[in-house]
Amino acid sequence: MIIKANQCKTDVNVNMKGGDGAVQITHFVTGAELNGKGRLFGNIHLDPGSSIGYHVHEGESELFYVQRGEAVYNDNGKEYPLCAGDIAIVKAGDGHCVANKGTEPVDLIALIVYA
């Protein structure tokens, strides 16, 4: 199976999870294409000043791979800087948020799988 870039669905979420600005999510595959094992594999784009608000993952885990840019990542209440090449993991029952406080866009590859 081949999925062309123009076949990927893109959503724009304003104030996602209580965050700031608009967050663009490009879905590489559907949940069905993840064989029911997850709900997201895609790119999350954060323009400067945008963020995803703090939230807890119940029954699922999420992994971020920072493809481009620098972000501030909150892992269960503690903040860490992330830059290209870094990976962040939130396990089921844990919380996180991510913000672009810089001047350049941030792109994260995200995978959410069921626990």
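We did not get these values from a lab; they are worked out from the coordinates using the rules stated. Since the structure is predicted, the reported quantities are computational estimates derived from the model, not experimental observations. Here Cβ is always computed from backbone atoms with ideal geometry, including for glycine, and neighbour counts include all displayed protein chains.
Remark: C-alpha extents of the stretch 48-115 on the principal axes read 34, 20, 16 Å, sorted largest to smallest.
The residue among 65, 34, 83 whose Cα reaches farthest toward the positive pole of the charge dipole of the chain, with charges on the beta-carbon of Lys, Arg, Asp and Glu, is 34. As a rough footprinting exposure proxy, the listed residues 26, 10 were ranked by other beta carbons within 10 Å of their own, and the order from fewest upward is 10, 26.
Under the combined filter of DSSP loop state and at most 11 neighbouring Cβ atoms within 10 Å, the stretch 44-96 retains none of its chymotrypsin sites (Phe, Trp or Tyr not before Pro). With contacts taken as Cα pairs under 8 Å at a separation of at least 6 residues, the chain carries a relative contact order of 29 percent.
Just to check, using Stokes-Einstein with a Kirkwood Rh over alpha carbon pairs, what's the diffusion coefficient of the stretch 14-63 at 10 °C and 1.306 mPa s in µm²/s? Translational diffusion coefficient: 131 µm²/s. The magnitude of the dipole of the stretch 30-115, with charges of +1 and -1 set on the Cβ of Lys/Arg and Asp/Glu and taken from the Cα centre, is near 120 debye. Equivalent-ellipsoid semi-axes for the stretch 5-102 (Cα gyration tensor, √(5λ), whole Å, largest first): 20, 17, 13.
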